[in-house]
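The values are calculated or read from the model by the stated rules, or taken from the named source; none is laboratory data. The shown structure was predicted, so the numbers you read here are calculated from the model rather than taken from an experiment. Cβ placement follows ideal geometry from the backbone for every residue including glycine, while neighbour counts extend to all protein chains displayed. Calculation scope for accessible area: heavy atoms of the full protein, side chains included, ligands and nucleic acids excluded. Shrake-Rupley method; radii C 1.70, N 1.55, O 1.52, S 1.80 Å.
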Amino acid sequence: MPKASIIIPAYNAEQYIGQTLRSILEQSFEDFEVIVVDDGSTDQTARVVNEFNDARIRYFHQANSGRPAAPRNRAIRECLGELVFIFDSDDIMLPGKLATTIKCMDQAPEAGLAFTGFACIDEQGSVINPSFLAAYSTLAGLEKEPVGNNAFLIRARTALRGLAASNYLGTSGVAIRRHVFDVVGGFDEDVRNSDDFLMWQAIASRFNLLYIPEIYHQYRVRSGSISLRSIEDRAPGLIACIEKMKQYHLDDPTALKLLDKRIGRYHFESGYSYFSQYRMNEARKAFLRALLKQPSRKNLFYLIVSTLPARVVSQLKQLKATGSIT
């Protein structure tokens with residue numbers, strides 16, 4: 001059996017998956033398998049994958065589920081490795097990722113999950129952010145214990161509290177011990193998005209995390225990605241997912257407040273988007289939900305203003321733009 005399994009959910013990935021697979025096959029560590037689960041692609045994803053003449057690549061096709069959790073779970077059921085690397089079909093694995101992650105995990109047997117630093121690239125492959133996690137103050141502030149020369153152990157409770165504040169793990173930077181899934185289960189297939197964020201908290205509720213700061217993959221930012229869709233489209237799924245996260249924080253009032261603050265923010269951002277489109281009825285409902293989750297003057301102000309007719313709001317905006325009101 002291979003030491004490592006790299007699992008890749010794919011949907012209409014023909015444009016980038018060839019480059020992704022080549023970046024994996026060029027790794028110095030070679031005792032691995034790649035499990036590609038095609039979630040009902042309608043393009044040439046299958047042809048691109050099957051053109052690789054490498055027995056380590058295993059391809060599976062299934063009917064479209066519309067969510068990455070289902071193909072990820074299928075890949076986990078099919079894989080044989082001790083360590084499962086999560087990877088997206090359009091990201092690039094950088095040299096040394098497998099070897100370094102495996103070495104660090106061998107040095108920290110108490111860690112159930114490892115994650116690395118990563119850069120962001122655009123659709124053409126140009127680097128647009130050389131170190132995405134550098135700006136994450138939550139991650140920087142977590143107490144860490146050195147492991148060898150390359151990694152830091154973050155104790156489960158510390159990691160879990162941090163995840164209530166922000167998601168500081170990049171999906172393609174994550175590697176999970178196979179037996180961890182036997183304990184926490186698979187990715188939640190009922191949530192529309194953020195199934196990975198939910199999984200990190202399930203794991204942190206039971207296992208320590210290992211942080212490897214070096215940059216070991218490039219995350220591709222694409223115009224059609226879920227994270228770039230309108231907030232009013234994403235908010236319901238995000239909020240439902242955060243509500244599910246609370247099950248891992250029931251004994252931590254501070255974490256629960258942080259999660260409610262996130263929910264309140266999503267309600268407000270959704271309301272503001274509606275407000276900007278003069279969809280006052282929807283905006284008013286969203287601002288009310290935001291106020292109930294997170295009482296504040298800002299939420300109350302926008303709730304009151306959203307009760308005005310769209311025509312009046314438009315006139316007020318024009319007056320503010322000309323400096324007639326502040």
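Tell me which helices (runs of 4 or more DSSP H) are completely within segment 237-308 and hold 1 or more residues being within 25 Å of the chain's Cα centre (by Cα) and basic (Lys, Arg), or say none if there are none.
Details: elements: 253-276, 280-293, 297-305.
The qualifying helices (runs of 4 or more DSSP H) are 253-276, 280-293.
Of THR20, THR42, which residue is hydroxyl-bearing (Ser, Thr, Tyr) and either surrounded by fewer than 19 Cβ atoms within 10 Å (Cβ to Cβ) or free of Cβ contacts under 8 Å to residues at least 12 places away in the same chain (or both)?
THR42
Checking the structure you have, find out if any residue of segment 314-324 is surrounded by 17 or more Cβ atoms within 10 Å (Cβ to Cβ), farther than 30 Å from ASP122 by Cα and aliphatic (A, V, I, L, M). If you could, list the steps in order and put the result at the bottom.
First, pick out the residues of segment 314-324 that are surrounded by 17 or more Cβ atoms within 10 Å (Cβ to Cβ): none.
Checking segment 314-324: not a single residue is surrounded by 17 or more Cβ atoms within 10 Å (Cβ to Cβ), farther than 30 Å from ASP122 by Cα and aliphatic (A, V, I, L, M).
Regarding segment 206-223, can at least one residue be identified that is more than 24 Å from SER5 (Cα to Cα), modelled with pLDDT under 95 and outside any loop (DSSP other than H, G, I, E, B)?
Scanning segment 206-223, I find no residue that is more than 24 Å from SER5 (Cα to Cα), modelled with pLDDT under 95 and outside any loop (DSSP other than H, G, I, E, B), so the answer is no.
Okay, residues lined up against (1) closer than 19 Å to LEU198 by Cα; (2) open to solvent by 70 Å² or more (accessible area, probe 1.4 Å); (3) modelled with pLDDT under 95:
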| site | (1), (2), (3) |
| --- | --- |
| SER227 | yes, no, yes |
| ALA235 | yes, no, yes |
| ILE239 | yes, no, yes |
| GLN247 | yes, yes, no |
| PHE268 | no, no, no |
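Considering each of VAL36, VAL49 in turn, give the residue that is open to solvent by less than 20 Å² (accessible area, probe 1.4 Å), in a strand (DSSP E or B) and out of contact with any His (no Cβ under 7 Å at 6 or more places or on another chain).
VAL36
In segment 120-153, how many residues are among the polar types (S, T, N, Q), under 20 Å from the mean Cα position of the chain (by Cα) and open to solvent by less than 60 Å² (accessible area, probe 1.4 Å)?
Of the residues in segment 120-153, 3 are among the polar types (S, T, N, Q), under 20 Å from the mean Cα position of the chain (by Cα) and open to solvent by less than 60 Å² (accessible area, probe 1.4 Å).
Within segment 166-180, how many residues are assigned to a helix (DSSP H, G or I), open to solvent by 10 Å² or more (accessible area, probe 1.4 Å) and either closer than 24 Å to ILE17 by Cβ or among the charged types (D, E, K, R) (or both)? Before the answer, list the steps.
First, pick out the residues of segment 166-180 that are assigned to a helix (DSSP H, G or I): 171-173, 178-180.
Retained after the next criterion (residues that are open to solvent by 10 Å² or more (accessible area, probe 1.4 Å)): 171, 178-179.
Going one step further and asking which of them are either closer than 24 Å to ILE17 by Cβ or among the charged types (D, E, K, R) (or both), we end up with 171, 178.
Of the residues in segment 166-180, 2 are assigned to a helix (DSSP H, G or I), open to solvent by 10 Å² or more (accessible area, probe 1.4 Å) and either closer than 24 Å to ILE17 by Cβ or among the charged types (D, E, K, R) (or both).
Please count how many residues of segment 110-136 are assigned to a helix (DSSP H, G or I) and not small (Gly, Ala, Ser). Write out each step before concluding.
Filtering segment 110-136 for residues assigned to a helix (DSSP H, G or I) gives 132-135.
Those left that are additionally not small (Gly, Ala, Ser): 132-133.
The total comes to 2.
Which condition from (1) assigned to a strand (DSSP E or B); (2) open to solvent by less than 40 Å² (accessible area, probe 1.4 Å); (3) out of contact with any Gly (no Cβ under 8 Å at 6 or more places or on another chain) is the one that LEU160 breaks?
(1)
Answer with yes or no whether ASP195 is acidic (Asp, Glu) and surrounded by 18 or more Cβ atoms within 10 Å (Cβ to Cβ).
Values: acidic (Asp, Glu): yes; surrounded by 18 or more Cβ atoms within 10 Å (Cβ to Cβ): yes.
In short, yes.
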